[in-house]
Amino acid sequence: MTTVEKTKSRGVLLAISAPLGVGKATLCQALLDRQPNARMVVSCTSRSAKPREVNGYDYIFMTHEEFKKKAGEGAFVEWVEIQGNFYGTSKNPMMADLEKGNDVILNVDVKGASAIKKALPEAVLVFVCPPTWQALLTRLRARYPEGQEDLIRRLTVAREELKLASIFDYILFNDNLIESADGLSSILRSEKKRYTRGQEQLKRMVDDPISAA
């Protein structure tokens, strides 16, 4: 029987979205700890760096002019303007990692996830949801000690994002960090076993002549 050479399959693109305060960034890092071969895409932004933010780690910071030039050149697979600042996902580094067989993790907002799905239909979208409104409110108060008006505004935005959750492939309620990170890891492992990802190698095996010599 001849042996079919196994080729490295393309990596899985996992785009993760959540309302502000749910713990998306922490979950992404926990997932990377469980999946050492995965890569995290660092988003680009035109806003100024906040204290303790590191260029190339938290974001790739650039001027408005640089960002708009790259957007015009088609350098981003998705980008959005939020409160006068631009945020986007660079296309070439992400696609290079996927072609090498590396899984790629994206931390994007709901609109960004929708744009990713339109550009790359094979992308897997995961929406991370707070277990309750009270849990989200507690987290927001701890993270953003602002006035009642700002809290209400953030909760209103979160409700609108929940209404768009139907575009996602998976919903994950983040009630426990360890369990939620394990859930993300399970999603990634399951996606790697989809028939559509292994059908090319399977076809080669079916077409490969059999010899008992």
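The values are calculated or read from the model by the stated rules, or taken from the named source; none is laboratory data. The shown structure was predicted, so the numbers you read here are calculated from the model rather than taken from an experiment. Cβ: placed from backbone, ideal geometry, glycine included. Neighbour counts: every protein chain shown.
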Discussion item. Looking at (1) without any contact (Cβ under 8 Å) to a residue 40 or more places away in the chain; (2) more than 26 Å from ARG10 (Cα to Cα), which one does TRP79 not meet, given that it meets all the others?
Written reply: (2)
Worksheet entry | Filter result (assigned to a helix (DSSP H, G or I) and surrounded by 12 or more Cβ atoms within 10 Å (Cβ to Cβ)) within the range 160-178 | GLU161, LEU162, ALA165, ILE167, LEU177
Worksheet item: Say we look at the range 179-198 and pick out the residues that are at pLDDT below 90 and surrounded by 11 or more Cβ atoms within 10 Å (Cβ to Cβ); which of these is farthest from ALA25 (Cα to Cα)?
Response: GLY198
Practice prompt. Look at the range 145-159 and say how many of its residues are in a loop (DSSP other than H, G, I, E, B) and either touching a residue at least 60 places away in the same chain (Cβ under 8 Å) or in contact with a Lys or Arg (Cβ under 9 Å, 6 or more places away or on another chain) (or both).
Written response: 1
Practice prompt. Return a yes/no flag: does the range 134-143 have any residue that is more than 20 Å from LEU188 (Cβ to Cβ), at pLDDT below 90 and in a loop (DSSP other than H, G, I, E, B).
Written response: no
Worksheet entry | Candidate set: the range 3-35, residues that are in a loop (DSSP other than H, G, I, E, B) and among the charged types (D, E, K, R); chosen: the one modelled with the lowest pLDDT | GLU5
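Filter the range 141-182 down to residues that are of a type outside the set (Ser, Thr, Tyr) and farther than 23 Å from ALA15 by Cα, then give me how many there are.
We begin by selecting, within the range 141-182, every residue of a type outside the set (Ser, Thr, Tyr); these are 141-143, 145-155, 157-165, 167-169, 171-179, 181-182.
If we keep only those that are farther than 23 Å from ALA15 by Cα as well, we get 141-143, 145-153.
Counting residues in the range 141-182 that are of a type outside the set (Ser, Thr, Tyr) and farther than 23 Å from ALA15 by Cα gives 12.
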